[in-house]
Each structure stands twice: as structure tokens, then as C-alpha cells.
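Below is one structure, written out as C-alpha cells; the observations come after it.
Each reported figure results from applying straightforward, stated rules to the coordinates on display, with no laboratory input. Computed from a predicted model, the values in this text were never measured in an experiment. For neighbour counting, all protein chains shown are included, and Cβ atoms are generated from backbone atoms with ideal geometry for every residue, glycine included.
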Amino acid sequence: MVATLWDVDDQATRALMERFYENLWQKKLMRLEALREAQLWMLHESWRRKPAQPRSVEPVPPKAPAGLPPDYWAAFVLSGDWQ
């Protein structure tokens, strides 16, 4: 189970969980690796909501500062038998 330690922005949660499941199902990473890669992606890449589609995310143009503060990605932890 993936849980959060504090309330996280809905848009950030969606982006992280989409990346997590892509890593898990498509890239066939282990659960812990999938979550770690998704968190590192959030740390190093910027993303934003597309204006026409409020629920989708896309990379921010290169001129924007990269990465998000830990408030948006560090709250996610695996609970249970995650190996």
C-alpha cells in the first residue's frame, strides 16, 4: 500500500501515482524502486497542469526551474510487505 504522511496536493499526487504505476507495470520495477524513481522524477523534473485538460500533466518548458519541493513528493511511503 502506498500511503502519505501528510496531505499532498491532488495534482502532485496524480502525477506521482501515474509515474509509480508506469514504473511498476510497464517498466517492471519492484515496488520500492518504482516509488523511488517516481519521487526522483518529481524532484528533478518540473510539470504543470495543461490549461485545456485540468487533470493531465506535462513537462514544463526548459526555462522554468526544475524540481518540486519535498512537500509534493516526500510524503509517499510504502506500507506492508513491499519487497
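Observations, loosely collected:
- Efficiency of FRET from Cβ geometry, ASP7 and LYS28, R₀ 22 Å, rounded to 0.05: 0.10
- Karplus-derived HN-Hα couplings along the stretch 14-26 (A = 6.51, B = -1.76, C = 1.60, θ = phi - 60°), whole Hz, x at Gly and Pro: 4, 4, 5, 5, 4, 5, 4, 5, 4, 5, 6, 8, 8
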